[in-house]
Structures are given as structure tokens and as C-alpha cells.
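Heads up, the thing below is written out as C-alpha cells.
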Amino acid sequence: MPTAYVTAPDDAADELAATLVEERLAACVNAVDCHSTYRWDGGVETDAETILLIKTTDEGYDRLEARIEELHPYDVPCIERFDAADSLDRFASWIDDSVD
């Protein structure tokens with residue numbers, strides 16, 4: 001089961017999460033507030049962001065990633081894939097049932 005780790009500006013995170021679940025690209029999205037410090041356009045920036053932990057399936061991951069790129073307001077969105085080595089069987093089944 002992959003989880004996509006995505007950072008988004010606070011004002012876009014809720015809509016992004018809802019769209020991904022509504023379109024059945026994700027079973028669940030957890031949102032966590034954070035502050036990010038990063039290099040951009042030759043300078044160092046600090047912004048409030050939201051971390052989105054997006055649960056999906058192996059089969060659905062590429063479609064999820066493409067949709068995030070379409071919807072995300074950043075020129076270069078942070079989209080990273082983490083694969084669960086082990087998860088509760090019932091949880092994995094729920095994800096499979098929730099994603100088209």
C-alpha cells in the first residue's frame with residue numbers, strides 16, 4: 001500500500017484532499033500543519049504548509065500523482081511515495097475497496 005507524502009499551502013490543502021477522496025483516487029487523506037523552510041529562486045523561504053498523507057493503491061498511484069500535479073498550485077509540488085512494508089489486513093482491504 002503506497003502513501004503519497006505531499007506538502008501544500010494551507011489554503012489549498014483541504015480542497016485538494018477532498019477532491020482526491022471524492023474522485024476515489026485516495027481512500028483517506030490525513031492533514032498535518034507544518035512550517036517548511038526551503039530554497040526557491042535563489043533565496044531561503046519559510047512558509048506555513050500542510051502535510052497531506054494520502055492513502056491509495058499500487059494500481060491507483062500513477063493516476064493519483066498525475067491528478068495532484070494537475071490540481072496543485074505549486075510549480076514544483078512535493079510528491080513523494082512511501083510504501084508500507086506491513087499494514088493491518090483490514091486496513092489494506094478498506095483502502096482497496098475505497099480506491100477505483
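For CYS28, nonlocal amide neighbours, meaning residues 5 or more places apart or on other chains whose placed amide H falls under 5 Å from its own, are LYS55. All other residues whose Cβ lies under 12 angstrom from that of ASP96 are scored, Lys and Arg at +1 and Asp and Glu at -1, for a net of -2. Once the Cα atoms are used to define both axes, helix 89-98 deviates from the longest principal axis of the chain by about 80 degrees. Non-local amide H neighbours of THR7 (under 5 Å, H modeled in plane, Pro and chain starts lacking H): which ones? Under 5 Å from the amide H of THR7: LEU52, CYS78.
Taking every pair of alpha-carbon atoms in the chain, give the share separated by more than 18 Å as a whole percent. Beyond 18 Å sits 45 percent of the P(r) for the chain. The phi-based Karplus calculation (6.51 cos²θ - 1.76 cosθ + 1.60; θ = phi - 60°) puts the 3J(HN,Hα) values of segment 59-65 at 5, x, 4, 4, 5, 4, 4 Hz, whole numbers, x for Gly and Pro. Other residues with beta-carbon under 10 Å from the beta-carbon of TRP40 carry, at +1 per Lys or Arg and -1 per Asp or Glu, a net charge of -3.
Each Lys and Arg adds +1 at its Cβ and each Asp and Glu adds -1 at its Cβ; summed about the Cα centre, segment 34-85 shows a dipole of about 140 debye. Dipole magnitude for the chain: about 220 debye, using +1 per Lys or Arg Cβ and -1 per Asp or Glu Cβ, origin at the Cα centre. Residue by residue, segment 39-54 carries 3J(HN,Hα) couplings of 8, 8, 6, x, x, 9, 10, 9, 9, 7, 9, 10, 8, 10, 9, 10 Hz when phi is fed to the Karplus relation 6.51 cos²θ - 1.76 cosθ + 1.60 (θ = phi - 60°); x denotes Gly or Pro.
Laboratory data are not the source of any read-out in this text; all were calculated from the coordinates shown. Note that the coordinates shown come from a computational prediction; the quantities given were computed from them, not determined experimentally. All Cβ positions, even for glycine, are placed from backbone atoms using ideal geometry, and neighbour counts span all protein chains on display.
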